[in-house]
Amino acid sequence: MNNNIQKIDKVDGLIKNILFGPVKSRRFGVSLGINLLPANNKICSFNCPYCECGWTDIPESKTLSNTLEFPTRDNIKKALNVSLQQYKSSNNPSIEHITLAGNGEPTMHPDFPDIINDIREIVDCFYPDAKFVLLTNGLHLDNDKIKKCLTKIHSVNVKLDAANQKIYKKINGPISGSFDDLILQIKTLKNFNIQTMFIQGAISNIEEDHLTEWFSLIKLLAPNFVQIYSIDRSTPTDKVKKVPIELLENIKNNVLSMGISAQCY
């Protein structure tokens, strides 16, 4: 895996480097992404039909075999230190966020908690005001070590595309665990945001009865903020389509009426 920053405007396909961007994110401004997953496999506990990284390598995601080439702690530290030094010396715009994401679910890296400590130490030398962002499906938050390190992450963003088991299986394709398991994990969080991808087509989560369930669930979970968005990049299947911004705005307004902050992207 290359240690240089992969220059991209937005993620579209598997990321080959440890670092990517800086991306001018719809949600997080000038953001440097860190890919904690292998370069040649999408490793995730979800298999979403809209994912810009493509389909999940399900066998490898289930076993996390020794053949998987996760970036090592040393390689991540080296890449980050060298790249941030070069980036800052070139008078580039300040990095506002460090986004933990990449080719799948970042918390599936075996050394995730230690990596958070490593990254924070290095980033503080260059951009001490940069905030950490975690994009997660939430399924691995039952790991105590992962849960403890969340206090060092400013913005924990948990995916919640469904409001029941039926839609959950269709839209997220979980390789293990139930929808109830996911909700139990989210309920244990104190400070978190919800991120929801709304799609339509052969697989959809915008039917009125489902939206009613989703609104009730959002009210119950009471996140700090809800990020509402639809497809903006290529997808691994043509069976899902983008949702009009007008509907997203209506969803946002319903969330705002509960006294919960929300924004469309």
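A short reminder: the numbers here are calculations on the coordinates, not readings from a lab. The structure displayed is predicted, hence computed values, not measured ones. Every residue, glycine among them, receives a Cβ derived from its backbone with ideal geometry; neighbour counts consider all protein chains shown.
So what is the diffusion coefficient of segment 191-234 in µm² per second by Stokes-Einstein at 20 °C and 1.002 mPa s, using a Kirkwood Rh over Cα pairs?
185 µm²/s
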Sequence-distant or interchain residues sharing an amide H contact under 5 Å with Gly138, placed H: which?
-> Lys159
Using a cut-off of 14 Å between beta-carbons, work out the net charge of the residues near Ala162 (Lys and Arg +1, Asp and Glu -1, Ala162 not included).
-> -2
Per-residue Cβ contact counts at 10 Å, fewest first, order Glu213, Glu121 as Glu121, Glu213
Give, rounded to the nearest 20 debye, the magnitude of the charge dipole that segment 2-264 has about its Cα centre when Lys and Arg contribute +1 at Cβ and Asp and Glu contribute -1 at Cβ.
-> 320 debye
Of Lys170/Lys239; Lys170/Lys242; Lys16/Lys42; Lys131/Lys152; Lys42/Lys147, those spanning more than 18 Å from alpha-carbon to alpha-carbon | Lys42/Lys147
For segment 57-102 and segment 157-231, write down the distance between their C-alpha centroids in whole Å.
-> 27 Å
Which order do Cys53, Cys125, Cys44, Cys264 fall in if you start with the one that has the fewest other Cβ atoms within 10 Å?
-> Cys125, Cys264, Cys53, Cys44
Size of the dipole of segment 53-158 about the Cα centre, Lys and Arg at +1 and Asp and Glu at -1 on the beta carbon, nothing else charged, in debye to 20?
-> 220 debye
Among the listed pairs Lys78/Lys241; Lys62/Lys252; Lys88/Lys145; Lys78/Lys148, which are separated by more than 28 Å between their Cα atoms?
-> Lys78/Lys241; Lys62/Lys252; Lys88/Lys145
Given the options Gln86, Gln185, Gln200, which has the most mean-square fluctuation in a GNM of the chain, springs set between C-alpha atoms less than 10 angstrom apart?
-> Gln86
Within a Gaussian network of the chain (alpha carbon springs, distance under 10 Å), most fluctuating of Asn191, Asn17, Asn157 | Asn191
In square nanometres, what is the average projected area of the Cα convex hull of segment 2-264?
-> 13.1 nm²
Once phi for every residue in segment 107-118 is put through the Karplus expression 6.51 cos²θ - 1.76 cosθ + 1.60 (θ = phi - 60°), the whole-Hz ³J(HN,Hα) values, with Gly and Pro written as x, are 6, 7, 5, x, 10, 3, x, 5, 5, 4, 4, 4
Would you compute, from DSSP H runs of 4+ residues alone, the mean residue ellipticity of the chain at 222 nm, taking -39500 (n - 2.57) per run and dividing by the full residue count, rounded to the nearest 500?
-> -10000 deg cm²/dmol
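For a footprinting-style exposure proxy, rank Thr63, Thr237, Thr196 by other Cβ within 10 Å, fewest first.
Ordered by Cβ neighbours within 10 Å, fewest first: Thr63, Thr237, Thr196.
For segment 40-155, what does the alpha-carbon gyration tensor say about shape, rounded, prolate or oblate, given a ≥ b ≥ c as the root eigenvalues, a/c under 1.5 as rounded, and a/b over b/c as prolate?
prolate
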Which of the aspartates and glutamates could a cross-linker bridge to Lys169, judged by Cα under 19 Å and excluding same-chain residues fewer than eight apart?
-> Glu52, Asp57, Glu105, Asp161, Asp180, Asp181, Glu207, Glu208, Asp209, Glu213, Asp238
Dipole-positive endmost among Gly201, Ile116, Pro236 within segment 2-264 (Cβ charges, Cα centre) | Ile116
Sorting Pro38, Tyr87, Ile76 by the position of each Cα along the dipole of the chain (Lys, Arg +1; Asp, Glu -1; all at Cβ), the one nearest the positive end of that ordering is Tyr87
